[in-house]
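Below you'll find the structure, written out as structure tokens, and then a few comments.
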Amino acid sequence: MGALLSEISWGVVLILLPLAGGIACFLFPRAAKVLGLVSVFAVLLSVSGLGWNIKVNGIYRHAIGGWNAPLGIDLYADGLSLLMLAATALVGFGISVYSADYFEREDAARFWPIWLLLLAALNALFLSADVFNLYVTLELMGLAAVALAALAGGRDALGGAMRYLLASLLGSLAYLFGVALLYHGFGSMDIAMLAVRVEASPAVWAALGLMSVGLLLKTALFPLHFWLPPAHASAPAPVSALLSALVVKGSFYILLRLWLEIFGPLGGGVDTLFGLLGTGAILWGSLQALRQTRLKLLVAYSTVAQIGYFFISFPLAASAGVTAWSAAAYLVLSHALAKAAMFLATGNVLRFGGHDRIADLDRVVQRLPLTACAFALAGVSIMGLPPSGGFVGKWLLLQAALTQDRWDLVSVIILGGVLAAGYVFKVIGHAFTLADISHESREVPAKMEWAALLLAFGAILLGFLASPVLSLVGIGVPFGVSEVSP
Amino acid sequence: MNWDAWIPLLVIASSLLPGLIIFFLAEDRKRLRTTLNLAGALVKLALVCWMLWGVYHEHHYETRLTLLPDLELVLRAGPLSLLFLTLSTILWLVTTVYAIGYLEDSPHRSRFFGFFSLCVTATVGVALSGNLITFLLFYELLTLSTYPLVVHRGTEVARRAGQSYLVHTIFGGALLLLGTVWLYTLTGTLEFTPRGFLNDLGEEHRPALVIIFALLIAGLGVKAALVPLHGWLPQAMVAPAPVSALLHAVAVVKAGAFGIVRVIYDVFGVDFAAGLGVTEPLAWLAATTIIYGSLRALFQDDLKRRLAFSTISQVSYITLGVAIAGPIATIGGVVHLVHQGLMKITLFFCAGNLAETLGIHKVSEMSGVGRRMPWTMTAFTIGAFGMIGAPPVAGFISKWYLGLGALEAGQEWVIFVLAGSSLLNAAYFLPILHRAWFQEPQDAWPEEHHFGNKETAWALLLPPLVTALMALGMGMLASAPFSPLGWAQFISQREFYRP
């Protein structure tokens, strides 16, 4: 059994499986729902297979067609890739279960092929080992995401999707310029080779600048977040969940990878800039979330704020690398689960009450206790209260900041948590007020409520799994060698 | 397989599981819900008695689960834990009975009892925490599980009270988190150790430690209602009576006070803290709170508000006791943790009975109520005398040891605070008693309910009588074995005299 598991090249499976599933969904629109669910579940199993493989044999490397880099294409997976793949598969499966009931016939026929394409692109992205492949997958991911965002039709959705498309294309274009500069300068696109060859020069700085700007735009880091709230808020709930939980993480992953392998060692103050922007994102996003009157926009701005936390890790990594990067990885994972749960819960509220005005939420939330509970549990993780994945992430981040006496960042981390509590409770408070129950409503299928609840519960559960998860992430030493712990 | 390692976890589970099941029960499954509630409470009591016996015979009960790479979730039953644990377990049982009677036929009972059980789970977790991060975890859980109880009524006033509660506790929690992480980066451990774990830290860290102490105390002081962080407590009075009773006697306020005791004894260590010079300002702060709370209580006509300000004042006795930093004052402070709980829960039960049976919410409406509800008012009277510190009720014991301890530590000013506070307590409790027992009743009560020939329902009457008797018993039998005073002496000995 074990031998069989390590015989199969799971990386290839992870890319081909959703692709094949997507094509099948496209060809047999009537069976799209079943085909889609089966494919996503199979992806989940394959990720476990890959995880097993990596745990036993260490870093996974596969040369497609037997041609090694630089000529051929390498697939590569270490602990960090595994973490991203697992997050994608888990959250993707939750969202798929939800979508099975959410999308009716025609919508379903459109949704499933694109979503599976997106899944294939994400998996390929996390398995890529060279900067050009990363570009291809990034572009694929962006296009699929835009198509999903436009799925709802209508003026808002199309407007939001259009902005998203422009931002996305601009982002990938900037990134591609950076790739071209690197290739011209060093004759390779393989990350490992570049890591050895790159040394500080104007061309490298230009590449770093272009690639960073492109990826920051796609990750929606403040102040380049302008496209995110409208796109995420106007899309159908499961799509918003996919975009917020997974798609922004894709571009962040590339940035993190490039930084860890190629650009980080160069130094030069870029990390300080990232830290500043992250601070801005936390404060601006939280404040905006606080003043929203629509639930979906509130959740979308919360994403803007939470993305800021990922970037706080960059300036902290200089002398507390493993702690800071572990914090970022953990925050990425728990944010994926929690934010997906939040958007799905919001979708339930919208379906049940027909609106998402926060001021009138009372009777809706009170008649959907499971959904309210999902939102609250996800909120606990977003606020960073224990026990939750968000708490673990923030604890590690605080620890890294305090060992370096970075009081500015410490206060931002704490303040961000308090502001998050403000906007989460702005919603939760409505679950307990008096409201007359005289409201026409559309029933919410149990599966949709449970999908949201289980995702949120996963974010809470992460609060107890820090050791095993972080030891998995550490496979292949993606974050460098540990500093001395305090 | 060593069962001793699992008992603390079972204690937590005995209220967590019933709570989670209750959430999913339909409103009308009253019998099942009551069974679950009481079964959980009784199982917990049995487990706690088992551990009391065990700890007395030098057994160790400790559960360890990995939480972060170098940090564990530790549940440990030491003497101090058991004191608070026993208090919460007994009072949970009593309050559950009371709440079942009190919330008869009101809406959202499953939600109420679900969060009620979570709240007790959190309190028990706070009691059993063996390190600061476990404490923090349950402390925050307590915040989250009490919020729904505070806003349970769903009125506009309740909503605002809940908001105020949240604003205070979330800020407090943030400060506590900051202090905890900072401490961890300095020491690399958070394990509660008798006499603290900071003794080996070098001179250069002293300023940082003073700030950490301030952060921790500010975070805990919010729940312990230290002036000026007490603002939420009087507002939280809108909650149903069983909630107020639990909030004031065990859950929230006590968790804060207990945390302060933990920080001073098991994180910093009394001697180390005194050496840092942080205990004296804390003692002054506690003294200020004692006097301030009593003064404000004087002018409240709303009965529950008067009791709330009284809580603010009384809980600070605990802080004062540990901040005096002497062995005898420690006994007084720690034992007051239990005594205040019993007396205050009695008073709140009685206030709830008056509201529920006669519709009385204000002191000015209480004329002659002693004749209508003699048993309730007897319990109230015992509680009130205890608060004033009159022998033989338990409150006297606390004040006696506090006073002695202050003299022994050479801090005579504390005597004046104690005397002043006792006078003020008398000034706001005696008029109530006089009005209830010696004035003529009004023509009609605001909103009277009849319960046959009894003065009120059994489920409402028994709990205050039981707790009042216990408060009386702990005063009269203070030196009996297994009394709270005995435990407090044991704890103080461990902190001060053991090698």
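The values are calculated or read from the model by the stated rules, or taken from the named source; none is laboratory data. Note that the structure is predicted; figures quoted are calculated from it, not measured. Glycine gets a Cβ as well: all are built from the backbone with ideal geometry, and neighbour counts include every protein chain shown.
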task = Report whether or not A:A124 is closer than 30 Å to A:G476 by Cβ and out of contact with any Leu (no Cβ under 6 Å at 6 or more places or on another chain).
result = yes
task = Could you tell me whether region B:45-59 includes any residue that is away from chain A (no Cβ under 14 Å), outside any helix (DSSP H, G or I), surrounded by fewer than 18 Cβ atoms within 10 Å (Cβ to Cβ) and free of Cβ contacts under 8 Å to residues at least 12 places away in the same chain?
result = yes
key: First in region B:1-22 and in contact (Cβ under 8 Å) with a residue 60 or more places away in the chain, second anywhere and of a type in the set (G, A, S) and not in a helix (DSSP H, G or I), Cβ under 8 Å, 6 or more apart   = B:I7/B:A77; B:P8/B:A77
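Here is a yes/no grid of residues against (1) in contact with an Asp or Glu (Cβ under 8 Å, 6 or more places away or on another chain); (2) more than 10 Å from every other protein chain (Cβ to nearest Cβ); (3) not β-branched (V, I, T):
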position	(1), (2), (3)
B:L175	no, no, yes
B:G179	no, yes, yes
B:G188	yes, no, yes
B:F197	yes, yes, yes
B:A214	no, yes, yes
B:L220	no, yes, yes
B:K223	no, yes, yes
B:V227	no, yes, no
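Take region B:158-173 and flag every residue that is over 25 Å from B:V322 (Cα atoms) and within 11 Å of another protein chain (Cβ to nearest Cβ). First the steps, then the outcome.
Within region B:158-173, the first condition is being over 25 Å from B:V322 (Cα atoms), and the residues that meet it are B:158-167, B:170.
Hits for region B:158-173 are B:A158, B:R159, B:R160, B:G162, B:Q163, B:Y165, B:L166, B:V167, B:I170.
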task = Go through (1) within 21 Å of the chain's Cα centre (by Cα); (2) within 12 Å of another protein chain (Cβ to nearest Cβ); (3) not aliphatic (A, V, I, L, M) and name the single condition B:D70 misses.
result = (1)
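One line per residue, one yes/no per condition, for (1) in a helix (DSSP H, G or I); (2) under 13 Å from the mean Cα position of the chain (by Cα); (3) farther than 16 Å from B:A257 by Cα:
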| site | (1), (2), (3) |
| --- | --- |
| B:L307 | yes, no, yes |
| B:V315 | yes, yes, no |
| B:T319 | yes, yes, no |
| B:A325 | no, no, no |
| B:V334 | yes, yes, no |
| B:H339 | yes, yes, no |
message = Among the residues of region A:417-438, are any away from every other protein chain (no Cβ under 12 Å), farther than 18 Å from B:R160 by Cα and either modelled with pLDDT of 80 or more or surrounded by fewer than 23 Cβ atoms within 10 Å (Cβ to Cβ) (or both)?
response = yes
message = I'm checking my understanding of the structure. Among residues of region A:67-121 that are of a type in the set (F, W, Y) and in a helix (DSSP H, G or I), which one is surrounded by the fewest Cβ atoms within 10 Å (Cβ to Cβ)?
response = A:F93
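Would it be correct to say that B:T86 is among the hydroxyl-bearing types (S, T, Y) and crowded, with 24+ Cβ neighbours inside 10 Å?
Numbers: among the hydroxyl-bearing types (S, T, Y): yes; crowded, with 24+ Cβ neighbours inside 10 Å: no.
Against the criterion (among the hydroxyl-bearing types (S, T, Y) and crowded, with 24+ Cβ neighbours inside 10 Å), B:T86 does not qualify.
Pick from region A:156-206 the residues that are part of a loop (DSSP other than H, G, I, E, B) and over 13 Å from A:F263 (Cβ atoms): which of them is farthest from the chain's Cα centre (by Cα)? Write out each step before concluding.
Narrowing region A:156-206 to residues part of a loop (DSSP other than H, G, I, E, B): A:187-189, A:198-201.
Right, trim to over 13 Å from A:F263 (Cβ atoms) and you get A:187-189.
On the way: A:G187: 31, A:S188: 28, A:M189: 25 Å.
Of everything passing the filter in region A:156-206, A:G187 is farthest from the chain's Cα centre (by Cα).
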remark   = Counted residues in region A:12-33 being surrounded by 15 or more Cβ atoms within 10 Å (Cβ to Cβ) and among the aromatic types (F, W, Y) come to 1
query = Taking A:G458 and the conditions (1) within 13 Å of another protein chain (Cβ to nearest Cβ); (2) at pLDDT 90 or above; (3) buried (at least 23 other Cβ atoms within 10 Å of the Cβ); (4) under 20 Å from the mean Cα position of the chain (by Cα), which numbered condition does it fall short on, given that it satisfies the others?
reply = (1)
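Does A:L224 qualify as being more than 18 Å from A:S128 (Cα to Cα), part of a loop (DSSP other than H, G, I, E, B) and over 15 Å from the mean Cα position of the chain (by Cα)? Reasoning before the result, please.
Numbers: more than 18 Å from A:S128 (Cα to Cα): yes; part of a loop (DSSP other than H, G, I, E, B): yes; over 15 Å from the mean Cα position of the chain (by Cα): yes.
So A:L224 passes the test.
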query = Of all residues in region B:14-24 being aliphatic (A, V, I, L, M) and surrounded by 17 or more Cβ atoms within 10 Å (Cβ to Cβ), which is farthest from B:C119 (Cα to Cα)?
reply = B:I22
request  = With the checklist (1) surrounded by 20 or more Cβ atoms within 10 Å (Cβ to Cβ); (2) more than 19 Å from A:V146 (Cα to Cα); (3) not charged (D, E, K, R) in hand, flag the one item A:A237 doesn't pass.
outcome  = (2)
request  = From the list A:L256, A:L266, pick out the single residue that is buried (at least 24 other Cβ atoms within 10 Å of the Cβ), modelled with pLDDT under 95 and within 18 Å of A:A324 (Cβ to Cβ).
outcome  = A:L256
note = Of (1) crowded, with 22+ Cβ neighbours inside 10 Å; (2) within 22 Å of the chain's Cα centre (by Cα); (3) more than 27 Å from B:V94 (Cα to Cα); (4) not small (G, A, S), B:W400 fails just (1)
ask   = Among the residues of region B:137-152, which ones are more than 8 Å from chain A (Cβ to nearest Cβ) and not hydroxyl-bearing (S, T, Y)?
value = B:F138, B:L142, B:L149, B:V150
remark   = Of the conditions (1) within 14 Å of another protein chain (Cβ to nearest Cβ); (2) at pLDDT 85 or above; (3) over 30 Å from A:G474 (Cα atoms), the single one that B:P107 does not satisfy is (2)
request  = Spot the failing condition for A:Q366; the list is (1) more than 19 Å from A:L290 (Cβ to Cβ); (2) assigned to a loop (DSSP other than H, G, I, E, B), and only one is missed.
outcome  = (2)
message = I need the full set of residues from region A:171-187 which are under 22 Å from A:H225 (Cβ atoms) and out of contact with any helix residue (DSSP H, G or I) (no Cβ under 6 Å at 6 or more places or on another chain), in order please.
response = A:L173
request  = Might you check whether a residue that is buried (at least 24 other Cβ atoms within 10 Å of the Cβ), touching an Asp or Glu at 6+ places or on another chain (Cβ under 7 Å) and within 23 Å of B:V250 (Cα to Cα) occurs anywhere in region B:376-392?
outcome  = yes
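Within the bounds of region A:264-284, is there any residue that is farther than 21 Å from A:M189 by Cβ and among the hydroxyl-bearing types (S, T, Y)?
Going through region A:264-284, the residues farther than 21 Å from A:M189 by Cβ turn out to be A:267-284.
Okay, now just the ones that are also among the hydroxyl-bearing types (S, T, Y), so A:272, A:279.
Yes, region A:264-284 contains at least one residue that is farther than 21 Å from A:M189 by Cβ and among the hydroxyl-bearing types (S, T, Y).
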message = B:V243 - would you say it is more than 22 Å from B:G333 (Cβ to Cβ) and either surrounded by fewer than 24 Cβ atoms within 10 Å (Cβ to Cβ) or within 14 Å of another protein chain (Cβ to nearest Cβ) (or both)?
response = yes
remark   = Over region A:34-44, the set of residues farther than 14 Å from A:S99 by Cβ and loosely packed, with under 15 Cβ neighbours inside 10 Å is none
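I'd like to check something: does region A:333-342 contain any residue that is away from chain B (no Cβ under 13 Å), within 28 Å of B:I212 (Cα to Cα) and buried (at least 24 other Cβ atoms within 10 Å of the Cβ)? Give the steps one after another, and end with the answer.
Pass one, region A:333-342, residues away from chain B (no Cβ under 13 Å): A:333-342.
Narrowing further to those that are within 28 Å of B:I212 (Cα to Cα): none.
No - not one qualifying residue is present in region A:333-342.
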query = Of (1) outside any loop (DSSP other than H, G, I, E, B); (2) at the interface with chain B (Cβ under 10 Å from one of its Cβ atoms); (3) farther than 30 Å from A:A328 by Cα, A:A359 satisfies all except one. Which?
reply = (2)
